[in-house]
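A.B. asks: The structure under discussion is supplied below as structure tokens; questions concerning it will follow.
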Amino acid sequence: MKFFASLLAVAPLATSVMSLAVDKLDTRQNSCIGATYPVLSVNHLDRKEFQGEIDQRGSLGWLATPDVSVIFDFGATTPANPQLNFRILNKNSATWKAVILSNYVDTITTPARETVRISIDAARKVGTDSIPTILDGCVQLPRLDGTWYVQMES
């Protein structure tokens with residue numbers, strides 16, 4: 001019984017440490033998810049650059065697909081606090097989606113040097129209605145220099 005209780009206590013920690021994605025973000029007490037992410041393989045198709053919004057501490061609204069909309073807010077993003085606040089809405093009840101953020105030194109000649117993956121669950125079906133999934137959260141960007149892009153995972 002003690003082993004089972006210990007396993008229950010450790011399982012959530014192991015799951016969060018082993019996760020390669022930012023799935024369920026915990027924004028309690030204004031905390032953001034911050035971690036080292038493996039560099040994901042990304043392409044240059046259908047991506048949107050948002051480095052200017054970071055530099056100007058602005059915001060970005062992006063309709064990624066007809067079913068997925070993204071809002072980034074960089075108002076609190078500084079070198080001392082490199083957090084990205086976001087809201088992602090998924091109206092597709094058939095599949096979950098993921099947004100990939102990628103950072104480059106030079107987008108022509110170099111591969112991505114940093115990537116962040118944020119996944120969002122599919123919308124819920126209740127009878128014939130579809131209830132969109134909304135994910136509000138924030139993530140610590142590993143760096144602010146270079147050029148950042150956002151795209152849907154393919």
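Bear in mind that the values in this text are calculations on the coordinates, not laboratory data. Treat the numbers as computed from the prediction; the structure is a model and nothing was measured. Positions of Cβ are backbone-derived with ideal geometry, glycine not excepted, and every protein chain shown enters the neighbour counts.
A.B. asks: Relative contact order of the range 21-152, please, whole-number percent, based on alpha carbon pairs below 8 angstrom and at least 6 residues apart.
C.D. replies: Working: 294 pairs, mean separation 43.4, N = 132.
33 percent.
A.B. asks: Straight-line reach only, C-alpha to C-alpha below 14 angstrom: list the aspartates and glutamates that Lys97 could link to, leaving out same-chain residues fewer than 8 apart.
C.D. replies: Within reach: Asp23, Asp67, Asp121, Glu153.
A.B. asks: What does the net charge come to around Ser130 if you take all other residues with beta carbon closer than 13 Å to its beta carbon, with K and R at +1 and D and E at -1? Intermediate values should be presented prior to the final figure.
C.D. replies: On the way: positive: Lys91, Arg124, Lys125; negative: Asp67, Asp121, Asp129.
That works out to 0.
A.B. asks: Give the Rg (one decimal place) followed by the Dmax (whole number) of the range 41-154, computed from C-alpha coordinates and expressed in Å.
C.D. replies: 14.7, 50
A.B. asks: Residues in the range 74-98 near a label at Asp145, defined as backbone nitrogen under 20 Å from the 7 Å Cα→Cβ point?
C.D. replies: Only 77-84 pass the distance filter.
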